[in-house]
1. Looking at (1) closer than 18 Å to ARG29 by Cβ; (2) open to solvent by less than 20 Å² (accessible area, probe 1.4 Å), can you tell me which one GLU185 breaks?
2. So which residues in segment 69-104 are of a type in the set (Ser, Thr, Tyr), open to solvent by 20 Å² or more (accessible area, probe 1.4 Å) and in a loop (DSSP other than H, G, I, E, B), if there are any at all?
3. Report the residue count in segment 188-227 for those that are of a type in the set (Gly, Ala, Ser), away from the ligand (no atom under 13 Å from the Cβ) and closer than 21 Å to TYR31 by Cα.
4. In this structure, does SER157 turn out to be at pLDDT below 95, open to solvent by 20 Å² or more (accessible area, probe 1.4 Å) and touching a helix residue (DSSP H, G or I) at 6+ places or on another chain (Cβ under 9 Å)?
5. Take the conditions open to solvent by less than 50 Å² (accessible area, probe 1.4 Å), within 16 Å of ILE225 (Cα to Cα), of a type in the set (A, V, I, L, M, F, W, C) and within 15 Å of the ligand (Cβ to nearest atom) and apply them to CYS139. Does it pass?
6. Within segment 17-34, does at least one residue satisfy the condition of being among the aliphatic types (A, V, I, L, M) and within 15 Å of the ligand (Cβ to nearest atom)?
7. Go through (1) free of Cβ contacts under 8 Å to residues at least 40 places away in the same chain; (2) within 25 Å of ARG28 (Cα to Cα); (3) open to solvent by less than 10 Å² (accessible area, probe 1.4 Å) one by one and return the number of the condition ILE53 breaks.
8. Filter segment 3-45 down to the residues that are open to solvent by less than 70 Å² (accessible area, probe 1.4 Å) and over 20 Å from the mean Cα position of the chain (by Cα) and list them by number.
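The values are calculated or read from the model by the stated rules, or taken from the named source; none is laboratory data. All figures in this text were calculated on a predicted structure; none of them were measured in a lab. For neighbour counting, all protein chains shown are included, and Cβ atoms are generated from backbone atoms with ideal geometry for every residue, glycine included. In case anyone asks, the SASA skips ligands and DNA or RNA and just uses the protein heavy atoms, side chains included. Shrake-Rupley method; radii C 1.70, N 1.55, O 1.52, S 1.80 Å.
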Amino acid sequence: MSVQDFVVTPPAATSLPVSGTDARFPVRRIYCVGRNYLDHIRELGNDEKQPPIFFAKPTDAIVQDGATIAYAAVTENFHYEVELAVAIGTTGHNIAESDALSHVYGYAVALDMTRRDLQKALSGKGSPWDVAKGFDESCPCGTIFPASSVGHIHDGSIKLTVNSEVKQQATLDLMIWNVPQIIAELSRLFVLQPGDLVLTGTPAGVGPVVPGDVMVGSIDKLGTITIRVGERV
Ligand code: MN
């Protein structure tokens, strides 16, 4: 199909680079897990007896490594959250935990950028989180590393610095739901498809950035993502 086949200009396809190949990973949906590390639940004052939750971001919220993102509009508390992203490679519904890793193509470092002030206000009213989580440029994501080359990511360090100062530092084994559990739970709610990305939650240490800040997220075996915060839009 060409542009002439559409009544308005069709959106560009979203994709991410893959380590070791020029071929790219096509992004279909972005699912996110909230409240998946106990110390982060506690720092935000949420109920630690409740299980983790799911929300989503639009596909075109993806931003690639090296980009500058605008300081988001309509917030005075623009927060970083560094997270392990899981890239789904094969279709699955009601996936068993024991089979879950067979659906994983690879992994990446991602940032779940958040309008924290709006999230708190919306949570207090029981309202949806979309405007706090699903805005433009809210999902920086690094290069996808295939599980076939780096293995499956169960533990190791996850870290975020702002202007070279360490803000978040934890290990992936602290996740309340590990990757197989997340895939099993999520696949009860949605048919997972190739191209889906799943952000697995953030550890403690979330906080604000201001224009000019440089965030570097890193996870063992998955390299780094560097994102600069630009001026307010
Ligand atoms: Mn998050």
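1. Exception for GLU185: condition (2).
2. As a first pass, look at segment 69-104 and keep what is of a type in the set (Ser, Thr, Tyr): 71, 75, 80, 90-91, 98, 102.
Remaining after also requiring open to solvent by 20 Å² or more (accessible area, probe 1.4 Å): 90-91, 98, 102.
Listed by number, the residues that qualify are THR90, THR91.
3. Selection size over segment 188-227: 2.
4. no
5. Considered against the rule, which asks whether it is open to solvent by less than 50 Å² (accessible area, probe 1.4 Å), within 16 Å of ILE225 (Cα to Cα), of a type in the set (A, V, I, L, M, F, W, C) and within 15 Å of the ligand (Cβ to nearest atom), CYS139 comes out as yes.
6. Yes: one or more hits.
7. (3)
8. Scanning segment 3-45 gives PRO10, THR21, ALA23, GLY45.
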